[in-house]
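First comes the structure, then the notes that go with it.
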Amino acid sequence: MSLVVDPAEAAAVAVSSVGAAPESEAVAWRHRHLLDVDRLSGAELELVMRTTDAMREVLARPIAKVPTLRGRQVTILFYEASTRTRVSFEVAAKNLSADVVNIAAASSSVSKGESLVDTVRTVEALGAQLLVMRHSVSGAPYLAAEVFGGSVLNGGDGWHAHPTQALLDLYTIRERLGGESQAARSRAGATTEGLLAGRKIVILGDLLHSRVARSNIWTLTASGADLWLCGPPTLLRGFEAWASRSSVAGRRFQVTTSVDEALRDADVVMALRIQRERMAEGLLPSLREYAARYGLTRERLALARPGALVMHPGPMNEGVEIAPDVAAGVQSVITDQVTNGVAVRMAVLYLLAGTQVPA
Amino acid sequence: MSLVVDPAEAAAVAVSSVGAAPESEAVAWRHRHLLDVDRLSGAELELVMRTTDAMREVLARPIAKVPTLRGRQVTILFYEASTRTRVSFEVAAKNLSADVVNIAAASSSVSKGESLVDTVRTVEALGAQLLVMRHSVSGAPYLAAEVFGGSVLNGGDGWHAHPTQALLDLYTIRERLGGESQAARSRAGATTEGLLAGRKIVILGDLLHSRVARSNIWTLTASGADLWLCGPPTLLRGFEAWASRSSVAGRRFQVTTSVDEALRDADVVMALRIQRERMAEGLLPSLREYAARYGLTRERLALARPGALVMHPGPMNEGVEIAPDVAAGVQSVITDQVTNGVAVRMAVLYLLAGTQVPA
Amino acid sequence: MSLVVDPAEAAAVAVSSVGAAPESEAVAWRHRHLLDVDRLSGAELELVMRTTDAMREVLARPIAKVPTLRGRQVTILFYEASTRTRVSFEVAAKNLSADVVNIAAASSSVSKGESLVDTVRTVEALGAQLLVMRHSVSGAPYLAAEVFGGSVLNGGDGWHAHPTQALLDLYTIRERLGGESQAARSRAGATTEGLLAGRKIVILGDLLHSRVARSNIWTLTASGADLWLCGPPTLLRGFEAWASRSSVAGRRFQVTTSVDEALRDADVVMALRIQRERMAEGLLPSLREYAARYGLTRERLALARPGALVMHPGPMNEGVEIAPDVAAGVQSVITDQVTNGVAVRMAVLYLLAGTQVPA
């Protein structure tokens, strides 16, 4: 798993010495793309977590840069508006000294009707080696991966998947709930699997439209969490059936429309963004009613365990799905999620780049 | 006031050797943010001017780069369209070797309704250490400064303030009016205060909506200039009262609707941009009438002293507030303003970064 | 033709050692701007081709970067949406280690009505040394070149010219048709002139609105190709007259509305993009009819010589001007065009920067 782009730089690549993967460990990264988290084994999730630990150490330095990806081209092709995910990937790539090309598809000639396949081929011919892509159509990055010669990273596709968000959420929970003992276990080679065993984690809100939730279901069930999905019935459609099927495959999660049942004794509560458009679609009577019945308020949070973590993938509609005092309260780890997002994306870019055949 | 990010680079950081602040001088930069110029003392203004002198020397090199801010992240968050100010900050930051992240809020997920406070917290969690911000609401950068852990630089807020524009205007006037003797005085430790004593400076046009004018009033009166504000009565509302109050505090300026009175024997004439929207608001009968009565033409400029400076913050509506031959004439220092803007912003980024506690 | 920005870096500048211009050769680059290809002599075209060969070698390295333009500022000012050309120039400039400033004029304050001349003066005052510009008005870059102190590169102006596209097309054809013998001739000092002698090259489609076609006409006739222009009569208006005039000047090309006549025994077929807007303008009955009568299908391509090259400047409307199986077929060099575009733009930036007086 060495990713030294130039032998002469070996000494400078601190990441390798930080040791994401000790030699005694057999786990190696074998995926060329990161399209979703559903194919990642527990050991692979653990590898991402430990590589992220190394990247957090890089971020803590006065100059948070390593030359690992110097001369590599990371292209960020976003067909939907985004600040945090786009900037997070950009900062992650620059911290690894990659060259970054931003393409906001809405305002580019992509709107001239060129097919996705042609755009991906063009972007590769322009030098892209790692392609970060967001698209409103579920599955679009899978199509891109079929034609792209480098690595595709899914930055969010339709309602389907948002793998780096799930990884940063897992990292944040693991860091906060694992405590000292977790770090010790990690050094001892423990895997993420079982780390969250018995921990009650709630995802609250608009499950139906959430790629964040879908990816989180994979990683959190893989980690042994006692996962609960909660929201209004119109925004939970299909999840009961999924839960039944998953249960057979050993991935268990509960589905409920009762906030009280979901939040009682929870260790983690993750609120999802409610979009105004849902009202026009007849899925919600009003944002005010949603806030009254499902909003994460201080009163509701009191049902959870003392010190339970409050999470949100952002951007927040404060006063709707989450109360401002909860969002800014001591239990909130929302800004930690953002910072961990940079470290996780550095880790993923690093791991994927390592699978590429050197030119 | 050393800002060497890595001891090994000390030799390369020419700025420190150029000597913005000789050791014999007691003035140190003590502001974490640059929100407006109203808190800057005469000595502090002088410190900015002399640091800008050093940055001008950097700009004159074949490779106009110094490693001063290497590894620092400058985020440029603009809620209003801008070319010159946005690019000026970007070039300034890159010349200091900082990493630059651009966020055009109009086309980003900021439009999804996230609060300003949440956006600022997110931007910080993404690594921003210096945040340059433009916002249509007066005071927005002050709110940002309350929650941001690094330094906020106001790149223009509503009608309120545009501090780097005022500083580049001051630098341009000082450089052109001071001449040799000014440079000598500067070396001798003279302050900006009194440097413009007796110099008649006119700001002409739409004062009412101008953040440029409001910030310039502070720096120019602090420098002892004989300052005149001139425009149609509808675009001067409130300035008479301000002039009365300021006079008590020792900051004197005149307000007049007479172009002839204002321009007579002026040393500097700064024309402000007139926006078409003002007509819809009933503040101007027509752009043609404005041009006829208040436009800076060659005839009007002849009322000023020979060689009087012509300035404009840009972008210009040529033929409206300024005649094309005046804008491109020998007395125009308009492109000097742009170049000095890069140097002033390098100076300000440098001074603010120096107040940050090293990580 | 040395462009070593710092003597200490001489050893690192591999380009010079790759030898774009051996000393035995008298040809030097003498143009400050690249506005179109019509002023380039055959020897100058050959110089661009050979410099591009050197840049291709740089692109083949594990780290495709040279420090040639370190500290130089390349500003990309685009008044029209673009992905491939904008990104291609950006990647080319970054590969040469230049600092790149992107200005998308549609979303910037340029829309505030500032004149083009003022914008160009401002961009220069902000530090631009090489200005890449795309504008919807034919001739706009010529106006920019009159006031800009550095070098202007036309990235496409109206229907008029797209010189770097013509150069990358020429490079791609030369590379593919020349084969081994071409490389040998090149080493022996042969010029591009005559290289394509007797080769039948067809440009097929909407000639009328195509700046790509207009620039290609110059370079392809200069190279001795047997050039044919083919399309519906409404999209060929004026080219007959041009062909007559050019013939007198020694630049010969044929104009025909017969696809069969054009494609028969062709060595190269370049399909041009058809825009939907042409129907509204009454120039085309329907895209379906265009596809049926002029689309480049496998059947039509069979009229050409075996192995004839298929080209397209992109972005493609697959199923309209070109069939998907032809676009993705073995004869297609469309992605080669994109990659060669980066190399050609590196070459052109390098050659133009060399004409600038060192600061």
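Amide H contacts of residue A:255 (H built 1.01 Å from N, in plane; Pro and chain starts excluded): A:229 sit under 5 Å, all sequence-distant by 5 or more or on other chains. In the assembly of identical copies, residue A:146 has its label point, taken 7 Å from Cα in the direction of the beta carbon, separated from the corresponding points by 5.4, 5.4 nm (ascending, one decimal). A P(r) calculated from all alpha carbon pairs of the stretch C:36-89, with 5 Å bins opening at zero, reads 4, 13, 14, 19, 25, 19, 5, 0 percent.
Its Cα gyration tensor gives the stretch A:317-359 an equivalent ellipsoid; the semi-axes, largest first and in whole Å, are 36, 10, 5. Shortest first, residue B:264 label-point distances to identical copies amount to 8.7, 8.8 nm, with the label point at 7 Å from Cα along Cα→Cβ.
How well do other chains shield peptide A:125-132, expressed as the mean number of their Cβ atoms within 10 Å of each residue Cβ? Intermediate values should be presented prior to the final figure.
Numbers: counts 12, 12, 11, 2, 0, 0, 0, 0.
Across A:125-132, the average partner-chain Cβ count within 10 Å equals 5.
Overall shape of the stretch C:192-250 was characterised from the C-alpha gyration tensor. The equivalent ellipsoid obtained from it has semi-axes of 20, 13, 10 Å, in decreasing order. Relative to the Cα centre, the charge distribution of the stretch C:265-349, modelled as +1 at Lys and Arg Cβ and -1 at Asp and Glu Cβ, gives a dipole magnitude of about 80 debye. When A:355, A:83 are compared by accessible area at a 1.4 angstrom probe, the order from most to least is A:355, A:83. Averaged over peptide B:83-96, the number of partner chain Cβ atoms lying within 10 Å of each residue's Cβ comes to 5. Using heavy atoms of the protein chains and a probe of 1.4 Å, the accessible area assigned to residue C:298 is about 150 Å². Pairwise inverse Cα distances across the stretch C:61-131, averaged and inverted, put the Kirkwood hydrodynamic radius at 13.0 Å. Here the stretch B:189-271 exposes an accessible surface that is 47 percent carbon and sulfur, computed with a 1.4 Å probe and the other protein chains kept in place.
Over the stretch A:164-337, all Cα pairs binned in 5 Å intervals from 0 give whole-percent P(r) values of 1, 9, 18, 22, 21, 15, 8, 3, 1, 1, 0, listed from short to long.
Residue by residue along B:310-319, Cβ atoms of other protein chains within 10 Å of the local Cβ number 4 on average.
I'd like the FRET efficiency for residue A:244 and residue C:330, computed as 1/(1 + (r/R0)^6) with the beta carbon distance as r and R0 of 35 Å, rounded to 0.05. Mind dumping the intermediate values first?
Values: r = 49 Å, r/R0 = 1.41.
Using R0 = 35 Å, I get an efficiency of 0.10.
Between A:241, A:315, A:335, the Cα set farthest toward the positive side of the dipole of the stretch A:164-337 (charges on each charged residue's Cβ, about the Cα centre) is that of A:241. For residue C:147, neighbours were defined as the other residues whose beta-carbon sits under 11 Å from its Cβ, and their charges (Lys and Arg +1, Asp and Glu -1) total -2.
In nanometres and ascending order, the distances from the residue A:31 label point to those of the other copies are 4.9, 4.9 (point 7 Å from Cα along Cα→Cβ). Counting only protein heavy atoms and using a 1.4 Å probe, the accessible area of residue A:234 comes to about 50 Å². With a 1.4 Å probe, what is the total accessible area buried between chains B and A, in Å² rounded to the nearest 100? For B against A, buried area totals roughly 2100 Å².
Here the dipole of the stretch B:164-337 is about 360 debye; that uses its Cα centre as origin and unit charges on the Cβ of Lys and Arg (positive) and Asp and Glu (negative). Surface exposure of the stretch A:164-337, expressed per residue as accessible area with a 1.4 Å probe, stands at 40 Å².
The values are calculated or read from the model by the stated rules, or taken from the named source; none is laboratory data. None of these values were measured; they are calculated from a predicted model. Here the Cβ is made from the backbone with ideal geometry for all residues, glycine too, and neighbour counts use every protein chain on show. Heavy atoms of the whole protein, side chains included, go into the accessibility calculation; ligands, DNA and RNA do not. Shrake-Rupley method; radii C 1.70, N 1.55, O 1.52, S 1.80 Å.
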